[in-house]
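Report on the structure given below.
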Amino acid sequence: MPILTKHQIVRITDVMMQAGGAPAGHAGIVADHLASANLAGHDSHGFIRIPQYLKAIEEGDLNPKADPEIVGEHGGIIQVDGHSTFGQVVATRSTEMAIEKARDHGVSVVTMGNLNHTGRIGTYPEMAASAGMAGIMFTGFAGGSFGSSVAPFGGREGRLGTNPLAMAFPHVEGAPILLDFASSMAAEGKLRVYRNKEQDLPDTWVIDKDGIPSRDPNDYYDGGAILPVGGIQGGHKGYALSVMIAIFGGLLGQIAPHPGKIDMWTGSTILVIDIGHMAPVENIQAEVQQMIRSVKNTQLMEGSTGVLFPGEIEANSRNDRLANGIPVDQTTWGQVEELFDHYGVREQLVDVVAPGSNP
């Protein structure tokens, strides 16, 4: 299994996105985002996405050169049209604007529509936390055929996206309190990772095309659907959460760019709170740290190795992978490496990858 460094992932992604037509600024944002996702342990939203983005460019679904545009602004609210460019570019710039608006208004809301895959959405509330603020992001999808991967509770056909929710709150430097998960049993990218590794899913995450529960990731790709979080018995909770995320993210996100489009709702919304308007940030962080110590100070259940705060897994993964490298499964590496010649970039990457060999 190839082991890559952060620099290698950034360099390969940057070169390949520019080869696909992206300007240097856009390519750099995407490259940093994918590498950061891998460092955080979310391989489903990292290096594995390179072929997907290049295919979207080739098929005309992603405009690599477009710039996001503000199409509405009312006090602490901004509405953004992404003009079909990289979701990471739209969401990064929207989050930066949300942070600045929150400084002025205490609270800000930025909606985003007409954008491509946003990547790991925990990245954006983390940006707010790094600025001493709290952030909440909704990324929602409902309707249409493309992207409808999750069955509503009781149904067997996809009608919703995996509809993730992310929240971050300042804690300690480099390790905010972080919630970042799909409202489905797993993000589609997680299934892709298990499929590439030729492994069964760890639990019943999907149903096949006939509505039969399954642990085979191929059943999803053969016409099945992902279950809402909670699964067969408790999926009504994940389904309800997914619908709300579709409204807050998808509906509000697209209402400005596409006010008349009602067959499909897709987009993102980020809310940022400048907690410094409530009390000194260092005082709030000290309270958070005391709360977390209290929560973690508990007797362990049988088989437990310890209680972690939300986001601690990602923080630990960053430290480990910065020191020891990022493992990339052979299938994913092969899918990316075979594109080197297609895009004529192999010579550009000799400084990070030896020609004709795995790194």
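The values are calculated or read from the model by the stated rules, or taken from the named source; none is laboratory data. Given the structure is predicted, the values throughout are model-derived calculations rather than measurements. We place every Cβ from the backbone using ideal geometry, glycine too, and count neighbours over all the protein chains shown. We work out accessible area using only protein heavy atoms, side chains counted, and drop any ligands, DNA or RNA first. Shrake-Rupley method; radii C 1.70, N 1.55, O 1.52, S 1.80 Å.
For V350 and Q299, FRET efficiency with R0 = 45 Å and r from the beta-carbon atoms, rounded to 0.05? Approximately 0.25, to the nearest 0.05.
Across region 76-137, the convex hull enclosing all Cα atoms gives 62 Å³ per residue. Once the Cα-Cα distance is subtracted from the 0.36 nm per residue extended length, the D67 to M244 segment shows a gain of 60.9 nm. What the Kirkwood sum gives for the chain is a hydrodynamic radius of 21.1 Å, with every pair of different alpha carbons counted. By the helix-only formula, in which each DSSP H run with n ≥ 4 contributes -39500 (n - 2.57) and the sum is divided by residues, the chain has a 222 nm mean residue ellipticity of -11500 deg cm²/dmol.
With the cut-off at 1.5 for a/c, could you classify region 62-193 from its C-alpha gyration tensor as rounded, prolate or oblate? In terms of gyration-tensor shape, oblate.
Under the simplified labelling scheme, the E157-Q233 pair shows an inter-label distance of 3.0 nm, with each label point 7 Å from Cα along Cα→Cβ.
Taking a temperature of 4 °C and a viscosity of 1.567 mPa s, what whole-number D in µm²/s does Stokes-Einstein yield for region 152-308 with Rh from Kirkwood over alpha carbon pairs? Answer from the Stokes-Einstein relation: 71 µm²/s. Taking N319, N163, N38 as the candidate residues, the one with maximal mean-square fluctuation in a Gaussian network model of the chain, Cα springs under 10 Å, is N319.
In a GNM of the chain with a 10 Å cut-off on Cα contacts, which of A102, A37, A19 has the highest mean-square fluctuation? Maximum among the listed residues: A19.
What a 1.4 Å probe finds exposed on the chain is 53% carbon and sulfur by accessible area, rounded to a whole percent.
Dividing the convex hull volume of the alpha-carbon atoms in region 235-323 by its residue count gives 219 Å³ per residue. Calculated on the alpha-carbon coordinates, the convex hull of region 154-204 measures out at 126 cubic angstrom per residue.
The aspartates and glutamates whose alpha-carbon is closer than 19 Å to the alpha-carbon of K6, local same-chain residues fewer than 8 away aside, are D14, D32, D43, E126, E314, D320, D329, E337, D351. Counted residue by residue at 0.36 nm each, then reduced by the alpha carbon distance between them, the extension gain from D320 to Q199 reaches 41.2 nm.
The simple spin-label model puts a point 7 Å past each Cα toward its Cβ; for D222 and Y343 those points are separated by 3.2 nm.
Relative contact order for the chain using alpha-carbon pairs under 8 Å, separation at least 6, rounded to a whole percent? Reported as a whole number, the value is 22 percent. Principal axis analysis of the Cα atoms in region 1-152 yields extents of 48, 36, 35 Å, listed in decreasing size. Taking the chain as a Gaussian network, Cα atoms linked when under 10 Å apart, which of L191, L165, L349 shows the biggest mean-square fluctuation? Result: L349 has the largest fluctuation of those listed.
A Cα-only calculation for region 275-359 places Rg and Dmax at 22.1, 57 Å.
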